[in-house]
Amino acid sequence: MKSFFTKLFSPILNLFETANTSGTPATTPANYKPSHRLILIVVGTLFTLLSLGLCVIAINSGIMGGLFPAIIFFAVGLVAVVVGSLGSDHAVAKIWGNKS
């Protein structure tokens, strides 16, 4: 099942999976901690839930302009959940701002 989702979300994962430009094999980044992955998944889930709430409010109030922030929050939440659950250690560190 994980391989199916990895193939499905490969366009998102490929943005963050590139280890380095020199072509040497990737090692675990210096600033990676397992808690970073957990925090990324939790924050991504919160953003996704926030976007769903914004959709409900925007549709019920009839203000379709409220769907724009919902789409943005959903996209950010989806990327965070996908990278946090399917991405490598290097991808998670890259989200957190690893400079290597």
Q | Helix 67-86 vs. the chain, principal-axis angle (Cα, 0 to 90°, nearest 10) | A | 30 degrees
Q. Anyone know which of Gly84, Gly65, Gly53 comes out most mobile in the 10 Å Cα GNM of the chain?
A. Gly65
Q. Taking the chain as a Gaussian network, where each spring joins two C-alpha atoms under 10 Å apart, which residue of Leu15, Leu86, Leu52 fluctuates the most?
A. Leu15
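Given C-alpha coordinates of the chain, what is the ratio Rg to Rh with the Kirkwood estimate of Rh? Spell out each step's value before the answer.
Numbers: Rg = 15.9 Å, Rh = 14.7 Å.
Rounded to two decimals, Rg/Rh equals 1.08.
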Q) Going 7 Å from the Cα of Leu50 in the Cα-to-Cβ direction, what parts of the range 58-100 have a backbone nitrogen less than 13 Å from that spot? A) 69-78, 80
**Q.** Ile57/Ser3 FRET efficiency (R0 30 Å; Cβ-Cβ; nearest 0.05)
**A.** 0.20
(Q) If I take every Cα pair under 8 Å that is 6 or more residues apart in the chain, average their sequence separation and divide by the length, what percent do I get for the relative contact order? (A) 44 percent
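Quick note: the coordinates plus some simple rules give every number you see, no bench work behind them. Please read these numbers as outputs of a predicted model, since none were measured by experiment. Positions of Cβ are generated from backbone atoms using ideal geometry, with glycine treated the same way; all protein chains shown enter the neighbour counts.
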